[in-house]
Amino acid sequence: MSERFDFTGDELAPAYRAAVDAIEAGDLVVMPTDTVYGLAADAFKADAVQRLLDAKGRGRDVPPPVLISVVESLDALATDVPDNGRKLCEEFWPGPLTVICHAQTSLLWDLGDTQGTVALRVPDHENTRELLSRTGPLAVSAANRSGQPAALDVYDAEEQLGDAVAVYLDGGEATAGEPSTIVDLTTDTPRVVRIGAVSLDQLRAIVPEVLTETGESADPTPDTSEAKPEDELTEDKPAEDKPAEDKPAEDKPAEDKPAEDKPAEDKPVDEKPAVDEPVDEKPAVDEPVDEKPGEVVGGEPTDGAVVASKQDEAKTTDPDVRPAD
């Protein structure tokens with residue numbers, strides 16, 4: 001039988017006690033995060049993690065992210081974190097940023113088919129971080145059945161998960177509702193797997209070399225931008241920029257004196273292709289827009305996170321990966 005506890009205000013002792021007892025017993029707990037509500041289990045109890053996957057109706061190929069209470073725990077769970085990736089963690093934690101790292105090989109856990117990686121996040125929710133400090137790292141995915149919208153309040157989570165969860169912590173409505181941004185740190189250059197609450201511009205303000213989901217850098221087409229910088233800024237109205245300058249000679253004069261101005265008429269006509277060429281450059285200008293990922297996986301309160309392995313990035317579009325993570 002499930003229990004529900006108020007997770008707001010100052011009287012939180014009963015809620016903490018019940019949640020800690022449930023986690024230690026290998027049971028599941030639903031708790032609020034700064035993104036969406038999360039379904040949590042002890043990250044170091046394989047049977048508890050499997051219970052979490054079963055409750056959501058998902059397989060081991062979509063392992064849950066892991067929530068930690070402080071940035072300092074990063075090196076205890078991950079290894080070979082590049083300096084630029086560490087900068088992102090220090091800047092956006094606590095907050096809606098999930099990072100995929102190489103997992104410490106000495107850890108005795110089984111989160112699913114992670115391919116040796118782990119997705120980590122520190123949620124920006126004071127009460128939840130306090131709970132994490134008492135339980136240790138928790139495997140946390142969005143509190144919903146796989147394929148369903150992530151729960152934004154405890155009642156929605158309870159309706160979807162029912163008695164599969166031992167303890168529900170009611171922290172009110174999750175106002176953010178947007179999954180965390182997921183960045184892969186398993187290579188020297190951070191690469192965005194999913195854009196969520198943290199934008200690409202925010203990431204690049206800290207680490208300019210961050211790659212987009214398709215592997216593009218901040219300046220994927222330097223030649224084009226150098227050749228026609230003004231056209232890039234006004235590509236919505238390419239025909240008004242330069243064609244307007246050349247047409248005056250063609251528009252009226254050509255109509256008034258067709259026979260006399262033929263020579264002048266022919267030249268502008270020949271130049272048109274050169275004038276229109278900038279319009280063909282739009283694809284190069286638009287390439288950076290591959291940041292769009294509002295897609296990837298949204299579910300885990302980090303949203304998801306689901307992307308514990310690079311092979312599963314395609315699945316990160318599942319709303320479940322918005323981990324509180």
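Here are a few things to note about the model shown:
- Computed extension length for residue 79-residue 199: 40.7 nm, one decimal, from 0.36 nm per residue of separation with the Cα-Cα distance subtracted.
- Per-residue packing, averaged as other Cβ atoms within 10 Å, sorts the ranges 193-201, 31-39, 126-134 into the order 31-39, 193-201, 126-134, beginning with the highest.
- Averaging the Cα positions of each part gives two centres, and for the stretch 100-126 and the stretch 16-74 these lie 12 Å apart.
- Accessible surface of the stretch 109-165 [probe 1.4 Å, protein heavy atoms]: carbon and sulfur percent: 36 percent
- Per residue, the stretch 97-199 exposes 37 Å² of accessible surface when a 1.4 Å probe is rolled over the protein heavy atoms with every protein chain present.
- Spherically averaged projected area of the convex hull of Cα atoms, the stretch 98-151: 4.9 nm².
- Loop-located GluC sites (Glu not before Pro) in the stretch 1-98 (DSSP state not H, G, I, E or B) with no more than 16 neighbouring Cβ atoms inside 10 Å: 11.
- Backbone N within the stretch 42-82 under 13 Å of label point (7 Å from residue 115 Cα along the Cβ vector): 61-63
- Using the Cβ-Cβ distance between residue 91 and residue 159 with R0 set to 51 Å, the FRET efficiency works out to roughly 0.90.
- Viscosity 1.306 mPa s, 10 °C: Kirkwood-radius Stokes-Einstein D of the stretch 1-41 over Cα pairs, µm²/s: 146 µm²/s
The values are calculated or read from the model by the stated rules, or taken from the named source; none is laboratory data. Please read these numbers as outputs of a predicted model, since none were measured by experiment. Cβ coordinates were reconstructed from backbone atoms using ideal geometry, including for glycine residues, and neighbour counts include every protein chain displayed. The protein model used for the area step is the full one, side chains on, heavy atoms only, and it has no ligands, DNA or RNA in it. Shrake-Rupley method; radii C 1.70, N 1.55, O 1.52, S 1.80 Å.
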